[in-house]
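**Student:** Pasting a structure here, questions to come.
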Amino acid sequence: MSRSWLILWAAAMVAAAAGCAAGEQADRAPVSASSSEASAYYTGLSGECPTLTSPESARFTGSRTAEGIRSPKQSDSERIDCGWRPSSGAPPWVVVALTIHHGPDTARQAAEQHFNQDRAYDTSRADFSSAIRATERTTPSGPAYAVANASRSGADELSQTTLVGNVVVVVILFVKPDPGVDGSARAADLLTDLAATSDAITAEIAGQLVSQS
């Protein structure tokens with residue numbers, strides 16, 4: 001299967017992140033990593049891509065092997081994009097993106113700033129369409145926000161971003177839309193129906209981060 005889709009997707013995500021940093025932030029309280037996650041400093045991922053084996057993730061990975069892209073490592077951060085997209089492009093499938101901020105003295109603060117900027121930008125999109133909804137909550141892996149998008153044709157998606165210490169973890173789940181249900185209702189269902197799956201995949205990824213002893 002061609003990796004061109006993942007390259008284009010990763011480039012779009014990087015461009016969106018740049019827009020987050022440049023755009024105005026919504027009036028939301030800054031989020032910090034929980035005390036348990038904040039005590040850890042992660043230096044990388046144990047493999048090229050996360051290994052997803054939980055029952056919750058199986059629906060979105062099937063028996064497919066992940067395709068991964070690692071952006072050139074910078075002194076202050078490292079980005080890893082991985083996807084389990086089928087050759088047909090038909091949902092369900094999943095993409096994950098990790099940004100690991102480096103530097104024991106600055107990484108956690110940089111990750112929190114990254115998370116808060118993305119949160120302000122991403123959740124503001126819910127103001128423009130009833131088919132795009134957002135929520136914020138605390139998960140077992142750390143503070144998180146989710147955006148459900150049922151405004152496009154072909155696939156609905158739920159994107160959950162979680163702050164895990166000095167790592168920002170994004171899990172995007174793609175599902176087939178129900179043509180008999182309007183976008184607003186589908187978006188609301190995505191936020192509730194896929195929350196446990198997003199949490200499970202994030203927890204799997206968090207468990208494969210390499211911490212500095």
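Every number in this text was worked out from the coordinates using simple rules, so none of it is lab data. As the structure is a computational prediction, the values presented were derived from the model and not from experiment. Every residue, glycine among them, receives a Cβ derived from its backbone with ideal geometry; neighbour counts consider all protein chains shown.
**Student:** When Ile69, Ile201 are ordered from fewest to most other Cβ atoms inside 10 Å of their Cβ, what list results?
**Tutor:** Ile69, Ile201
**Student:** Give the residue from Ser211, Val175, Ala134 lying farthest towards the positive end of the charge dipole for region 120-213; charges sit on Cβ (+1 for Lys and Arg, -1 for Asp and Glu) and the dipole is referred to the Cα centre.
**Tutor:** The listed residue farthest towards the positive side: Ser211.
**Student:** How do 173-184, 139-150 rank on mean C-beta neighbours within 10 Å, highest first?
**Tutor:** Numbers: 173-184: 15.5, 139-150: 23.0.
The densest-packed peptide leads the list: 139-150, 173-184.
**Student:** To continue, here is another question. Taking amide hydrogens as modeled 1.01 Å from N in the peptide plane, which residues meet the under 5 Å criterion relative to Thr139, leaving out close sequence neighbours?
**Tutor:** When sequence neighbours closer than 5 places are left aside, the close amide H contacts are Ala144.
**Student:** While we're here: Skipping prolines and chain starts, which residues have an amide H placed within reach, meaning under 5 Å, of the one on Tyr41, given they are 5 or more residues away or on another chain?
**Tutor:** Gln212
**Student:** Let me ask another. Sort Thr61, Thr138 so that the residue with the fewest other Cβ atoms within 10 Å of its own Cβ comes first and the one with the most comes last.
**Tutor:** Thr138, Thr61
**Student:** Could you give the dipole magnitude of region 99-149 about its Cα centre, charging the beta-carbon of Lys and Arg +1 and that of Asp and Glu -1, in debye to the nearest 20?
**Tutor:** It comes to approximately 160 debye.
**Student:** Taking the Cα centre of region 67-213 as the origin and placing charges on Cβ (Lys, Arg +1; Asp, Glu -1), which of Ala120, Thr161, Ala90 is farthest toward the positive end of the dipole?
**Tutor:** Working it through, the farthest residue towards the positive pole turns out to be Ala90.
**Student:** Show the residues, 5+ positions off or on another chain, whose built amide H is closer than 5 Å to the amide H of Val164.
**Tutor:** Under 5 Å from the amide H of Val164 lie the amide H atoms of Val169, each far enough along the sequence or on another chain.
**Student:** From the backbone phi of region 87-96, what are the Karplus-calculated ³J(HN,Hα) couplings (6.51 cos²θ - 1.76 cosθ + 1.60, θ = phi - 60°) in whole Hz, Gly and Pro given as x?
**Tutor:** Ordered by residue, 3J(HN,Hα) equals 4, 6, x, 7, x, x, 7, 9, 10, 10 Hz.
**Student:** Please turn the phi angles of region 197-211 into ³J(HN,Hα) values with the Karplus equation 6.51 cos²θ - 1.76 cosθ + 1.60 (θ = phi - 60°), one per residue in order, whole Hz, x for glycine and proline.
**Tutor:** For region 197-211, the Karplus-derived couplings read 5, 4, 5, 5, 5, 4, 5, 4, 5, 4, x, 9, 6, 8, 9 Hz, x marking Gly and Pro.
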